[in-house]
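The values are calculated or read from the model by the stated rules, or taken from the named source; none is laboratory data. Just so it is clear, the structure is predicted and the values come from calculations on it, not from any experiment. For neighbour counting, all protein chains shown are included, and Cβ atoms are generated from backbone atoms with ideal geometry for every residue, glycine included.
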Amino acid sequence: MPGRLFLDLTGAELAAALGMDRAAVEDEPRRQNIAPGQQIIVQTAEGLGQMRWGIIPVGRVNARGRPVMETLINARSETVFDKSAYEGVGRAVVPVSGWYEWTGEKRRKTAWRIRSKDKGLLFFAAITDVWEAPGGITVPQVATVTCPPNQDVAPIHHRMGVVLQKEDVPTWLHGSKKDVVPLMVPWPNGLLKIEEARDVDWDAP
């Protein structure tokens, strides 16, 4: 499942590629190491914008009635519409060039870069929320939706992000629950390129 992301386009280039207004993202640089807790570019029904990657579900409880304390960066497709922690969330798409996964033991892990074989954009299905922070500050938040892996990803991870076909993005953003449930499936096999990521500065944004 996506733990780090990368985007090979600037915000202005991304907006141009999608044919969308760039005002909210035009100053964003290319980024090779996007981590949870950082601002990321998202597409919502209103257009392109930025949100914090990670939902803090303040005031929500789990199935046992206990408060949900952890920050949620990924939501399982199997339960995203059923868990009380996700009640009332919105939907968005996170456009990226790809993501990273790791295999191996601690201190000896191997980082893997995953992208489309044609080097095109990938569109992660996501959910959104707004955190009412102390001091009256509102923080828009986003979490990607995950599903079982396809055959490309299975050797390195047991989950992957739900990747949408570009033509299915409007359905994800505007459709009913019945409309979007069929979209939450693994990406077709053979369309991803996976290579060892040896050239990434993990301390840089």
Residue count for the stretch 101-142, restricted to those that are modelled with pLDDT of 95 or more, assigned to a strand (DSSP E or B) and aliphatic (A, V, I, L, M): 6
Looking only at the stretch 121-166, and only at residues there that are in contact (Cβ under 8 Å) with a residue 24 or more places away in the chain and among the hydroxyl-bearing types (Ser, Thr, Tyr), the one that is nearest to ILE56 (Cα to Cα): THR128
Residue count, the stretch 80-115 (criterion: of a type in the set (Gly, Ala, Ser) and under 15 Å from the mean Cα position of the chain (by Cα)): 4
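Scan VAL93, VAL169, VAL181 and give me the residue that is over 17 Å from LEU18 (Cβ atoms) and touching a residue at least 12 places away in the same chain (Cβ under 8 Å). Before the answer, list the steps.
Numbers: VAL93 fails: over 17 Å from LEU18 (Cβ atoms); VAL169 fails: over 17 Å from LEU18 (Cβ atoms).
None of the others qualify; the one that does is VAL181.
Look at ALA85 and say whether it is at pLDDT below 80, not acidic (Asp, Glu) and not in a loop (DSSP other than H, G, I, E, B).
Numbers: at pLDDT below 80: yes; not acidic (Asp, Glu): yes; not in a loop (DSSP other than H, G, I, E, B): yes.
Yes, satisfied.
Considering only residues that are of a type in the set (S, T, N, Q) and crowded, with 19+ Cβ neighbours inside 10 Å, which ones fall in the stretch 135-163? Working first, answer last.
Start the filter on the stretch 135-163 by keeping residues that are of a type in the set (S, T, N, Q), which leaves 138, 141, 144, 146, 150-151.
Residues satisfying the conditions are GLN141, THR144, THR146.
For the stretch 88-99, which residues satisfy the criterion of being closer than 15 Å to LEU121 by Cα, assigned to a strand (DSSP E or B) and not hydrophobic (A, V, I, L, M, F, W, C)? Give the derivation first.
Of all residues in the stretch 88-99, those closer than 15 Å to LEU121 by Cα come to 93-99.
Then drop every residue that is not assigned to a strand (DSSP E or B), which leaves 93-96, 98-99.
Correct list: PRO95, GLY98.
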